[in-house]
Every structure is written in C-alpha cells, then in structure tokens.
Amino acid sequence: MTTGIGFSSQHVLIVGGSSGMGFALAAKLLGMDAKVTIVGRSSEKLTAAQQQLASSDRLHAVIADVTREQEVARLFSSAEKFAHIVTTAADITDVYRLLPDLNVDTARRVLDSKIIGPLLLAKHGSPRLEVGGSITFTSGIAAYRPAARGSVVAAVNGALESLVYALAVELAPIRVNAVSPGWVDTPIWETVAGDRKIDVLNAMASRLPVGRIGRPSDIADAIAGIMQNGFITGAVVHVDGGQRLV
Ligand SMILES: NC(=O)c1ccc[n+]([C@@H]2O[C@H](COP(=O)([O-])OP(=O)(O)OC[C@H]3O[C@@H](n4cnc5c(N)ncnc54)[C@H](OP(=O)(O)O)[C@@H]3O)[C@@H](O)[C@H]2O)c1
C-alpha cells in the first residue's frame, strides 16, 4: 500500500531521471529511502547521473526510449512492482520554429516523447503498480502561454493534460496526474535558447510574481507531493511561479 510520509522500500520509476527535473526527483526520493530506477536513452547521461547520485544501492539505471513500445514493455517485463511511475521525458530538439520552417518529423518526435511515451507507460506500467500507486506526467506552461515558434510544444502539453483526465477515469483507482512546470533552469534550455539561456531566463524571472525562475527541486517537490497524496487524481498541478498570470 503506497501511503505515508516517506517512500521507504517503495520503488519509483522515473523516465527522464538522468537530467533536470527527473534527476532532482530521483535525488529527492533517494533521500527519502525510496528505491529508484531512472530511465533515458543516453548511457552517458545515465552514468553521469548515477555518479552524481553517489551510486546508492537503491538506484538503478535502464537505457530505454519511451517512444518505443518494446523498450517500454521491457521495463515492466519482470514481476517487480512499482509504487509510482513518473515521466519527465521530452525530445524537443529543433522544434521551436515558425510554421514555414517546421519539420514534421521533428514535430512527431515531440509528440512521441510526450504523448505516445506516457500512453505506453500507462499501458505497460499500470498492471505493475501496487495498490495506491500513481502515474505522473509532465506537461508545461506552453499550453497556457503559447508563443510564436512554440505551437507544437503548446499542442502537445495541452493534449497530455487531456490524456491525464481520460486515464484517471480509465485506470482508477490508479491515480493519474500531471505537473505543469513554468520555466525551470535545466539542461533543456541549452537546446531551446543556446548561448542566450541566461538572458532569456533572467528576463522571465523579472516578470514573474515570485521573482525567480524555477529550480528542478521545485518540480520534484510537487511530484513527490502528488505521489503521496491519495486524494489527487485527474489533476494538473501548476508549478510555474505565477507565469500563467503574467
Ligand atoms: N525546463 C523547463 O523550463 C520546462 C518548462 C515547461 C515544461 N517542461 C517539461 O518538463 C519536462 C522535463 O524537462 P527538463 O527541463 O527536466 O528536461 P531535460 O533536462 O532535458 O531532461 C529530459 C530527460 O528526458 C530524457 N528523455 C528525452 N527523450 C526521451 C525518450 N524518448 N525516452 C526516454 N527518455 C527520454 C532525457 O534523457 P535522454 O536524452 O538520454 O533520453 C532526459 O533525462 C519535459 O517534459 C519538458 O517538456 C520543461
């Protein structure tokens, strides 16, 4: 039964756990005695994350692409049960384009990583969840504050939230939720803004009610809270420093 304050002996699967918010969540949960499996495509990133997390014997890393059904099925092929499943994975490389320059294969990669991946995790992972377990996806502020060049990301985040509502009904009593981050300082910004990362984030920080950009730990704290609160399902929890208001 997955209730209580800590995560002692609970096994949490984090797709995207080698970087950014997923990594912060892995660090937090390991500090709360959970057993954590982090998943990503790059063995280098996973190894670096393991080293940074001091290679706890409660930490495991698995290489898998969440967009590939066989690889997702393999994550759940043993009899091992999970208390919670989380994905923060997104492949948004080169997708911020005005429509004339938009490459449809690039758009499909975003869709695959943020919609098909969560669907596959729910399909293959839900039978492996303990009683009281949960699934948490990661949408994002782009669904609420769209910008030119951001149409694909906006659409995908919005669709993911609709998927949350549907799966919360279909998979009940498994709880299904999403966290919707505002702008958070993670490696994804090297892809989005390159050399302009610091300037872009600082400009947003000055506009936000909280006066700063998000930290990966802000999102990790929210996901941990969603996992522990047995009355939250079909919810989108906004952790955006008030960005929807400005
Ligand atoms: N950072 C922000 O400001 C912000 C704002 C709003 C929403 N978000 C959303 O928040 C989530 C987390 O973002 P982040 O900033 O933490 O990103 P990040 O630092 O780039 O981390 C993304 C993680 O996902 C993994 N990943 C990507 N594609 C994958 C795939 N197909 N299969 C398995 N793993 C995959 C990456 O590892 P590999 O590359 O090795 O696979 C990496 O571990 C994303 O969904 C993003 O869209 C972020």
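The values are calculated or read from the model by the stated rules, or taken from the named source; none is laboratory data. These numbers were taken from a predicted model, which means no experiment stands behind them. Counting neighbours? That spans all protein chains shown, and the Cβs are built from the backbone with ideal geometry, glycine included. When the accessible area is computed, the model is the full protein with side chains, heavy atoms only, and any ligands, DNA or RNA have been set aside. Shrake-Rupley method; radii C 1.70, N 1.55, O 1.52, S 1.80 Å.
Every residue, every condition in (1) at positive phi; (2) within 13 Å of the ligand (Cβ to nearest atom); (3) under 19 Å from the mean Cα position of the chain (by Cα), yes or no:
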{"residue": "Arg175", "(1), (2), (3)": "no, no, yes"}
{"residue": "Leu208", "(1), (2), (3)": "no, yes, no"}
{"residue": "Met227", "(1), (2), (3)": "no, no, yes"}
{"residue": "Phe231", "(1), (2), (3)": "no, no, no"}
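Residues that are open to solvent by less than 20 Å² (accessible area, probe 1.4 Å) and away from the ligand (no atom under 13 Å from the Cβ) were ranked within segment 115-125; the one that is farthest from the chain's Cα centre (by Cα) is Gly125. Filtering segment 154-179 to residues that are open to solvent by less than 20 Å² (accessible area, probe 1.4 Å), under 19 Å from Ser126 (Cβ atoms) and either among the polar types (S, T, N, Q) or at pLDDT below 95 (or both) leaves only Asn177. In segment 10-32, the residues that are in contact (Cβ under 8 Å) with a residue 60 or more places away in the chain never reach a residue that is open to solvent by less than 20 Å² (accessible area, probe 1.4 Å) and acidic (Asp, Glu) with C-beta atoms less than 9 angstrom apart, at least six apart or across chains. In segment 78-87, the residue that is surrounded by the fewest Cβ atoms within 10 Å (Cβ to Cβ) out of those that are in contact (Cβ under 8 Å) with a residue 12 or more places away in the chain and not basic (Lys, Arg) is Glu80.
Thr138 meets the conditions (1) more than 8 Å from the ligand (Cβ to nearest atom); (2) of a type in the set (Ser, Thr, Tyr); (3) open to solvent by less than 20 Å² (accessible area, probe 1.4 Å) in every case but one. The failed one is (1). All conditions but one from (1) under 21 Å from Pro187 (Cα atoms); (2) buried (at least 21 other Cβ atoms within 10 Å of the Cβ) apply to Leu75; the one that does not is (1). Reported count of residues in segment 14-42, each being open to solvent by 30 Å² or more (accessible area, probe 1.4 Å), within 8 Å of the ligand (Cβ to nearest atom) and not basic (Lys, Arg), is 4. Out of curiosity, is Gly182 out of contact with any helix residue (DSSP H, G or I) (no Cβ under 6 Å at 6 or more places or on another chain) and either surrounded by fewer than 20 Cβ atoms within 10 Å (Cβ to Cβ) or modelled with pLDDT of 95 or more (or both)? The answer is no for Gly182. Within segment 88-113, residues that are at negative phi and open to solvent by 30 Å² or more (accessible area, probe 1.4 Å) have Cβ atoms under 6 Å from residues that are at pLDDT below 95 and within 10 Å of the ligand (Cβ to nearest atom) in these pairs: Thr93/Thr191, counting only partners at least 6 apart in sequence or on another chain.
Can you tell me which residue is farthest from the ligand (Cβ to nearest atom) among those in segment 210-225 that are open to solvent by less than 10 Å² (accessible area, probe 1.4 Å) and out of contact with any Lys or Arg (no Cβ under 7 Å at 6 or more places or on another chain)? The extreme case among them is Ile223. Within segment 76-94, take every residue that is modelled with pLDDT of 95 or more and more than 17 Å from the chain's Cα centre (by Cα) and give me the one that is nearest to the ligand (Cβ to nearest atom). Residue satisfying both the conditions and the ranking: Phe76.
Among residues of segment 43-72 being of a type in the set (D, E, K, R) and more than 15 Å from the ligand (Cβ to nearest atom), the one that is surrounded by the most Cβ atoms within 10 Å (Cβ to Cβ) is Arg58.
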